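The values are calculated or read from the model by the stated rules, or taken from the named source; none is laboratory data. Just so we're clear, the structure is a prediction, and the values are computed from it rather than from any experiment. No Cβ is skipped: glycine too gets one built from the backbone with ideal geometry, and neighbour counts run over all protein chains shown. The accessibility values were calculated without ligands, DNA or RNA, using every heavy atom of the protein model including side chains. Shrake-Rupley method; radii C 1.70, N 1.55, O 1.52, S 1.80 Å.
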Amino acid sequence: MEVTRRTLLAGIGGTVVAGTLGGTIGVAQAAEPQVGVVVKIGGIPWFNAMEVGIKKAAPEYKANAWMVGPTQADAAQQVRAIEDLIARKVAVIGIVPNDSAALDPVLGRARAAGIKVLAHEGPNQKEADWDFELTTIEGYGQAHMDLLAKQMGEEGKYIVYVGSLTVPLHNAWADAAIAYQKQKYPKMEMLGDRFGVAESLDDSIKTTQDQLRAHPDLKGILTFGSQGPIGAARVLDDREKAKSIVLVGGFSPGQGVKYVKSGTIRGGFIWNPMTAGEIFVQLASLLAAGKEPTDNMELTGVGKVRVYPDKKLIQAQKLESLDKENIDRLVALGL
């Protein structure tokens with residue numbers, strides 16, 4: 001029986017959106033390993049770009065690879081998607097986790113079934129064979145804090161957004177940035193606790209509105225999660241606060257280019273999600289063939305990487321600056 005996108009949706013209660021394969025899911029030639037990549041949420045520019053990378057790399061690495069994106073940033077929806085992939089007996093499951101702890105039981109079942117698990121943005125994913133990262137935690141957090149501090153004149157009150165309070169990497173970045181601020185920029189002050197809203201445009205807008213009302217002396221917003229800068233920028237523009245409140249964070253270039261050019265978003269850093277999609281397929285093909293990553297191996301788009309078997313970590317360092325000088329080039333790449 002042909003397994004179509006509609007069949008996939010029906011099979012898991014209609015809660016996830018599958019990426020197209022240019023054909024069907026699960027009917028590749030026997031020689032092609034099946035690779036399903038479950039991301040945090042479907043339909044937003046960041047993961048749309050990752051899907052492009054997955055589709056681009058699939059024929060190059062001779063894999064039948066596709067992306068599955070939940071309709072909400074919800075670990076329970078990711079669990080159901082992974083269960084479906086286990087039932088399909090895929091060779092490799094890729095995961096960008098919303099909640100690493102919540103996913104460990106189902107990923108453990110996948111591994112027990114002989115399926116390789118490859119994480120991205122999941123440094124604490126215990127039930128993964130490998131995790132690959134395109135920047136270090138400290139480097140990413142500190143780069144954003146340096147930019148925020150510079151734009152704020154190294155003093156004043158700021159707030160922090162993350163994807164959710166259970167997204168491991170976003171919170172690790174925030175931890176690194178906040179600790180660095182306390183050490184290097186003592187005249188700056190973080191207000192309250194971090195807000196888990198930055199994978200939702202609507203929640204980012206509402207939280208920014210609420211925080212502007214609650215803190216008239218707010219001077220900065222640091223956001224980890226691609227929708228945070230966009231939602232916050234809309235509010236700052238509407239309230240004519242773009243000059244007095246510094247907004248810094250990573251986002252999809254095409255979604256935020258106008259805010260960078262207007263100065264509402266002062267800048268940020270990303271890695272290329274399209275490249276991450278290609279790397280998912282490259283590494284999945286390697287693992288499906290029974291091979292393991294090796295130190296100084298070449299990964300598509302990033303060059304040589306460090307491999308730490310004790311940490312199950314494949315570490316690259318490839319950041320792009322989201323500033324006026326670089327943004328048009330990134331948009332031209334389809335990001």
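Listed values, structure above:
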| read-out | value |
| --- | --- |
| From phi via Karplus (6.51, -1.76, 1.60), per-residue ³J(HN,Hα) for region 107-113 in Hz, x at Gly/Pro | 5, x, 5, 4, 5, 5, 7 |
| Residues of region 127-235: accessible area per residue with a 1.4 Å probe, Å² | 37 |
| Helix-only [θ]222 nm of the chain, DSSP H runs n ≥ 4, -39500 (n - 2.57) each, per residue, nearest 500 | -13000 deg cm²/dmol |
| Long-range HN-HN contacts of Val68 with modeled amide H, under 5 Å | Gly19, Val37, Val38, Val39 |
| Of Lys157/Lys261; Lys150/Lys243; Lys116/Lys291; Lys55/Lys312, pairs whose Cα-Cα distance is over 23 Å | Lys157/Lys261; Lys55/Lys312 |
| Rg/Rg_ref, region 227-335, where Rg_ref = 2.2 N^0.38 Å and atoms are Cα | 1.35 |
| Residue-by-residue Karplus 3J(HN,Hα) for region 146-163, coefficients 6.51, -1.76, 1.60, Hz, glycine and proline x | 4, 5, 4, 4, 4, 6, 8, x, 6, 7, x, 9, 9, 10, 10, 10, 10, x |
| Region 209-299: trypsin sites (Lys or Arg not before Pro) in DSSP loop, at most 14 other beta carbons within 10 Å | Arg239, Lys243, Lys291 |
| Amide H contacts under 5 Å for Leu247, placed H, 5+ residues apart | Ile221, Arg266 |
| Over the chain, relative contact order from alpha-carbon pairs under 8 Å, at least 6 apart, % | 17 |
| Alpha-carbon centroid distance for the pair region 180-224 / region 96-162, whole angstrom | 19 |
